[in-house]
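Undergrad: I'd like to ask you about the structure that follows.
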Amino acid sequence: MTRLGILISGRGSNMLALAEAIRDGRIPNTEIAIVVSDKANAPGIERAKELGIKTQIVERRRRSREDHDRETLKVLKSHQVDFVCLAGYMRVLSAYFLEEFRDRILNIHPSLLPAFPGLNAQLQAIEHGVKWTGCTVHFVDETLDGGPIIAQRAIPVTEDDTEESLSARILEQEHQLYPDAVAFVVSGKYELAGRRVLRKP
Ligand code: GRF
């Protein structure tokens, strides 16, 4: 069994999409070991509990990034986590955290990276005037939303799109893409060649 640790800060809809995919066998031989939130009031925590998934809150509490990460790591390790999935986790990870889970941290971002990293990616896409945007699952490294790309999905931007309408259509795609990408990674059928994630037969 591959054990996932999922980090959230809010709604947790991608976390739920992963939980459903595991339940349906779309991510085989995998379980969610723990869902950790840095926010005590993250709605996703309640939703995880309803599904019987273990949860833990690790709040920032005026500590340094590294001290906070140390506690989060302790929780992940005590639950024997193999891969860490960021799902709307609104904190940048310290070098210390990245080192502990090198090439084993995934993130989902609501744009076709490397376009529009950072916050409000959907609004950035509308304001830039791109005709296509989408979502990306990537490995996390020390750059902001810049690690090796695992999978992407594209969708058109329409002239009457608002930030809300576009975000909703991207989110639908996220809920399919993230489980697919996690299934691919836990299958182990890939290799990292520099920045490239290559499929192995
Ligand atoms: C998603 O749009 C994801 O791409 C971004 O943050 C949002 C999280 O949504 N990283 P949710 O908490 O999974 O519903």
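The values are calculated or read from the model by the stated rules, or taken from the named source; none is laboratory data. Please read these numbers as outputs of a predicted model, since none were measured by experiment. Cβ placement follows ideal geometry from the backbone for every residue including glycine, while neighbour counts extend to all protein chains displayed. With ligands, DNA and RNA removed, areas are computed over all heavy atoms of the protein, side chains included. Shrake-Rupley method; radii C 1.70, N 1.55, O 1.52, S 1.80 Å.
Undergrad: Are there any GluC sites (Glu not before Pro) in the range 147-201 that are in a DSSP loop and have at most 14 other Cβ atoms within 10 Å? List them by number.
TA: Loop-located and lightly packed - E159.
Undergrad: Hey, what's the Kirkwood Rh for the range 1-102 if you take every pair of different alpha carbons, in angstrom?
TA: That comes to 13.6 Å for the range 1-102.
Undergrad: Now, a different point. Leaving out same-chain residues fewer than 8 places away, which lysines sit with a Cα under 21 Å from that of K74?
TA: Of all the lysines, those that pass the test against K74 - Cα under 21 Å, at least 8 places apart if same chain - are K39, K49, K54.
Undergrad: Percent of accessible area on the range 73-157 owned by carbon and sulfur, 1.4 Å probe?
TA: Here carbon and sulfur together make up 57 percent of the probe-accessible area.
Undergrad: In square angstrom, what is the accessible area per residue of the chain with a 1.4 angstrom probe?
TA: 51
Undergrad: Describe numerically, in nm with one decimal, the distance between label points set 7 Å from Cα along Cα→Cβ at E46 and at L144.
TA: Inter-label distance under the simple model: 3.2 nm.
Undergrad: Report the antiparallel proportion of the DSSP beta bridges in the chain as a percent, rounded to a multiple of 5.
TA: 45
Undergrad: Now a separate question. T30's amide H: which non-local residues (gap 5+, or another chain) put their own amide H closer than 5 Å, with H modeled 1.01 Å from N in plane and none for Pro or chain starts?
TA: Excluding prolines and chain starts, which carry no amide H, the hits are T2.
Undergrad: Sticking with this one: With the contact rule set at Cα under 8 Å and sequence spacing of 6 or more, what percent relative contact order holds for the range 70-201?
TA: Averaging sequence separation for qualifying contacts and normalising by length gives 20 percent for the range 70-201.
Undergrad: Calculate for the chain the 222 nm mean residue ellipticity that helices alone would give, adding -39,500 (n - 2.57) per DSSP H run of length 4 or more and normalising by residue count, nearest 500 deg cm²/dmol.
TA: After summing the helix terms and dividing by residue count, I get -11000 deg cm²/dmol.
Undergrad: For the range 95-201, what mean projected area does the convex hull of the alpha carbons give, in nm²?
TA: Across all orientations, the range 95-201 yields a mean hull projection of 7.0 nm².
Undergrad: Let me ask something else. Calculate, for E127 and S78, the FRET efficiency according to 1/(1 + (r/R0)^6) with r their C-beta to C-beta distance and R0 41 Å; round to the nearest 0.05.
TA: Result of the calculation: an efficiency of 0.40.
Undergrad: With label points built 7 Å along Cα→Cβ from the Cα atoms of M1 and E163, find their separation and express it in nm.
TA: Taking the two extended label points, one gets 4.1 nm.
Undergrad: Using a cut-off of under 13 Å, list every residue of the range 1-27 whose amide N is near the label point 7 Å from the Cα of K54 along the Cα-to-beta-carbon line.
TA: Correct set: 3-6.
Undergrad: A further question on this structure: Would you calculate the convex hull of the Cα atoms in the chain and tell me its volume per residue in Å³?
TA: 122
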